[in-house]
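A.B. asks: First the structure, which I've put down as structure tokens, then a few questions once you've had a look.
The values are calculated or read from the model by the stated rules, or taken from the named source; none is laboratory data. Source: prediction; values computed, not measured. With ideal geometry, Cβ positions are generated from the backbone for all residues, glycine too; neighbour counts draw on all protein chains shown.
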Amino acid sequence: MPAMPAMPAAGPPLSPRPPRRPSAGLADGGGGFLLQATGVLLFLFIPLVLYLFVRHPEPIAASLAAGVGLMLGHRFLARPYMVRAMPRKCVWCNRVLPAALDPAAGTLDLLVGGRLTPVRCCAAHRAPARRFFSFLNGARLPLRLGIFVPLLLLLGALAAAAIGSWGGPAGGGGGTPGLPGGAAGAPGFLPAATALFQLLVGLTVSAAAWGYLLQRRAGRGGADSDGAAAGAGGAGAPLPVPFPAHNFFLLGVRVLLWIFRLVGAWWIWRGASFFLRSLS
Ligand SMILES: [Zn+2]
């Protein structure tokens, strides 16, 4: 973690090269590649944390501690990155835009932590970005529940398994009373909590990634009917971002949504097949 900020400094010197054509995007000011690479690097924290939680390699206590530490520490790197990326990249397609505002690019007004934050996007990507953040805001309560409840359950199960494995390392059934004790250090509730986490989070991210498309078909009228968000549906009104905003600026929303769709389908399958197996 502390090594992270040092990594961009290892980039190759670009000065002897002639400037590329401006339309190449990545050539913007010579820092475009670095900006994109840093975004990818910061994004990789997320699958790493999920690996530690879902696969929880032994010792479980170390996986849990490392995962929570990375999860909490990630924002301190990702937020400054967001501040740097927002004026330069399209929030939707992640393209590095020309330095000055031109007719080919616009901004989208978001409320990040309650503060009005104009973020840049291609002119053509303003509409899908607006639609997505509008949907996210309207569906924020079920989406939050769908992420945080299974996450808390899994973290609780990991903590209980870590404590259980300290209490009874000899395999003498040191698990929690009333729960099926598995092999030593691997209580029976942990696989179920993991499968439930994957199933519910898979369903939630799939709902987010596909749901905003349904909103487009439903038209502008009724989709933003959720109480406080009602004003946000109007053209030009800034849209609150109900989740940690920095995660949307690492790879851009479009790529993130495809990851949600693919990983979401995989996790729904993993979680559902666990419970179907246990029924048969
Ligand atoms: Zn774009």
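A.B. asks: Picking from 266, 258, which residue would you name as being at pLDDT 95 or above, away from the ligand (no atom under 16 Å from the Cβ) and more than 13 Å from residue 138 (Cα to Cα)?
C.D. replies: Only one candidate passes the filter, namely 266.
A.B. asks: I've got another one for you. Across segment 47-90, what is the total count of residues that are in a helix (DSSP H, G or I) and closer than 30 Å to residue 124 by Cβ?
C.D. replies: Total satisfying the criteria: 9.
A.B. asks: Name every residue in segment 91-139 that is within 11 Å of the ligand (Cβ to nearest atom) and in a loop (DSSP other than H, G, I, E, B), in order of residue number.
C.D. replies: 91, 92, 93, 94, 95, 97, 104
A.B. asks: Yes or no: residue 72 modelled with pLDDT of 50 or more, surrounded by fewer than 13 Cβ atoms within 10 Å (Cβ to Cβ) and aliphatic (A, V, I, L, M)?
C.D. replies: Spelling it out, residue 72 is indeed modelled with pLDDT of 50 or more, surrounded by fewer than 13 Cβ atoms within 10 Å (Cβ to Cβ) and aliphatic (A, V, I, L, M).
A.B. asks: Could you figure out which of (1) within 16 Å of the ligand (Cβ to nearest atom); (2) buried (at least 19 other Cβ atoms within 10 Å of the Cβ) isn't true of residue 56?
C.D. replies: Status for residue 56: all satisfied but (1).
A.B. asks: Based on what the data block shows, is residue 29 modelled with pLDDT under 85 and part of a helix (DSSP H, G or I)?
C.D. replies: yes
A.B. asks: Write out, first by first residue and then by second, each pair whose Cβ atoms fall under 8 Å of each other, whose residues are 6+ apart or on separate chains, and whose first residue, in segment 113-133, is touching a residue at least 40 places away in the same chain (Cβ under 8 Å) and of a type in the set (Lys, Arg) while the second is away from the ligand (no atom under 14 Å from the Cβ) and assigned to a strand (DSSP E or B).
C.D. replies: Close Cβ pairs satisfying both conditions: 130/239.
A.B. asks: Also, quick follow-up: Would you mind telling me which numbered condition in (1) modelled with pLDDT of 90 or more; (2) within 16 Å of the chain's Cα centre (by Cα); (3) under 19 Å from residue 207 (Cα atoms) residue 242 fails?
C.D. replies: Here residue 242 clears every test but (1).
A.B. asks: Is there a residue being at pLDDT below 90, charged (D, E, K, R), surrounded by fewer than 16 Cβ atoms within 10 Å (Cβ to Cβ) and out of contact with any Pro (no Cβ under 9 Å at 6 or more places or on another chain) anywhere in segment 105-121?
C.D. replies: Yes: one or more hits.
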